[in-house]
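Taking it in order: structure first as structure tokens, then the write-up.
The values are calculated or read from the model by the stated rules, or taken from the named source; none is laboratory data. Since the structure is predicted, the reported quantities are computational estimates derived from the model, not experimental observations. Cβ atoms come from the backbone with ideal geometry, glycine included; neighbour counts cover every protein chain shown.
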Amino acid sequence: MESTKSKYVSKLVNELKPSGIRRFFDLAAGMEGVISLGVGEPDFVTPWHVRESAINSLEQGYTSYTPNAGLLELRQEIAYYMKNQFNVEYSPKEEIIVTVGASSAIDIAMRTILDPGDEVIVVEPCFVAYVPMVELAGGVAVQVQASKENDFKIQPDQLEAVITDKTKAIMLCSPNNPTGTMLSKHELEEIANLAKKYDLLIIADEIYAELAYDEEYTSMAAIEGMKERTILVSGFSKGFAMTGWRLGFVCSPPEISNAMLKVHQYALMCASTMAQYAAIEALKNGRPEVDEMIKSYRRRRNYIVQSFNEIGLECHNPGGAFYAFPSIKSTGLSSQEFAEQLLLKEGVAVVPGDVFGESGEGHIRCSYATSLEQLQEAIKRIKHFIENL
Ligand code: PMP
């Protein structure tokens, strides 16, 4: 889609750049035999019993709105899941809102906490929606760059250097899209100390929390003294392979949750009813499939990271999510050039790292949410591409 401007559109939206990922999807769409490592979504279909519970809900005629915050039974299951899986206790009635994907959770969080000109520190490379969502909510995104030298882990002194009296929150994502980097408990504690020292909120995007391959996952809200200042965003898209259902949730202290509910009820009313029934089933009985998917992603991660390093594209070992983020600096191409030429010459779609922020330049994002056979073929083609540069 072209980025055209219109007199009918607000200045803010006229200035908003379309996502850099789309261009590559559009390019790839017209080509045959393309292997896509571009999309950030599971290649698995939602398990049948989960789909069936949505079908059953339709058969029963459950087609009306749910409460604004979501079905109480679902919120109770989410509370149980958060306690069981991540050791954080949330009250289903006061601290959990079911949202339309993690996307709308981030959106309502920004709109709830920001006054015009308030600053949110956004750690890059990051999910392409954070900066626009801060700006659409009237805030100012202050971008800080996590560097390859630190395995894309932001250093506390980098954060401290940009905190001002306008800073309201730090936006964090672990495991990260696009780098796959996961922060350890100690690293989270260091960031938490800053949040406490400067009285800041942390918006913790934990959508990939299920997909942690080497270490046990620590939630920001599980860090001592942090539940009170964390807006925890999560959902069903990634770990439960439910992207198309558009279902997420957000957990936060009652005063923030009550305020977010006002925005949510006016903007969205409630999340899809049948999707909420499916999510109840996913949380109650979906564990075996989630565990199988995790095993499969781990195998693919091991394969792709080793292969990139073998063919000369240096790649750190990502602890989670389903992305590898190898460096392509040795080729002398920019990330845009690399991605475009790789697609046109070899039919492999990847995402250039610069779309995720300044420090993403010199890298490409490769999603390994695709079969091992496809990954093997992709690596063969990438190797051929590099050898013929
Ligand atoms: N956060 C991150 C880091 C993501 O990668 C994505 C999806 N690409 C989202 C949020 C949005 O997820 P959802 O489908 O739940 O809206």
Of PHE240, PHE236, PHE249, which residue is assigned by TED's automatic domain parsing to the domain that holds ALA204, surrounded by 24 or more Cβ atoms within 10 Å (Cβ to Cβ), more than 15 Å from ASP205 (Cβ to Cβ) and within 11 Å of the ligand (Cβ to nearest atom)? PHE240
For the range 201-233, name all the residues that are touching a Lys or Arg at 6+ places or on another chain (Cβ under 7 Å) and more than 16 Å from the ligand (Cβ to nearest atom). LEU201, TYR213, THR218, ALA221, GLY225
Considering every residue within the range 288-303, establish whether at least one is away from the ligand (no atom under 16 Å from the Cβ), over 20 Å from the mean Cα position of the chain (by Cα) and buried (at least 23 other Cβ atoms within 10 Å of the Cβ). no
Output the number of residues of the range 106-162 satisfying the condition of being among the aliphatic types (A, V, I, L, M) and in a loop (DSSP other than H, G, I, E, B). 6
Candidate set: the range 144-173, residues that are surrounded by fewer than 18 Cβ atoms within 10 Å (Cβ to Cβ), farther than 20 Å from LYS329 by Cα and not β-branched (Val, Ile, Thr); chosen: the one farthest from the ligand (Cβ to nearest atom): ASP165
Determine which single condition LEU313 fails, assuming it passes every other condition in (1) within 23 Å of the chain's Cα centre (by Cα); (2) farther than 13 Å from LEU375 by Cβ; (3) crowded, with 23+ Cβ neighbours inside 10 Å. (1)
Just to be sure I understand the filter: pairs with C-beta atoms under 7 Å, separated by 6 or more residues or on different chains, first member in the range 129-142 and under 17 Å from GLY20 (Cα atoms), second member in a loop (DSSP other than H, G, I, E, B). Which pairs pass? PRO132/LEU16
Residue within the range 255-275 that is more than 16 Å from the ligand (Cβ to nearest atom), farther than 30 Å from LYS168 by Cα and in contact (Cβ under 8 Å) with a residue 40 or more places away in the chain present: yes
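Go through GLU215, GLU210 for me and flag whichever is over 14 Å from the mean Cα position of the chain (by Cα) and either part of a strand (DSSP E or B) or among the charged types (D, E, K, R) (or both).
GLU215
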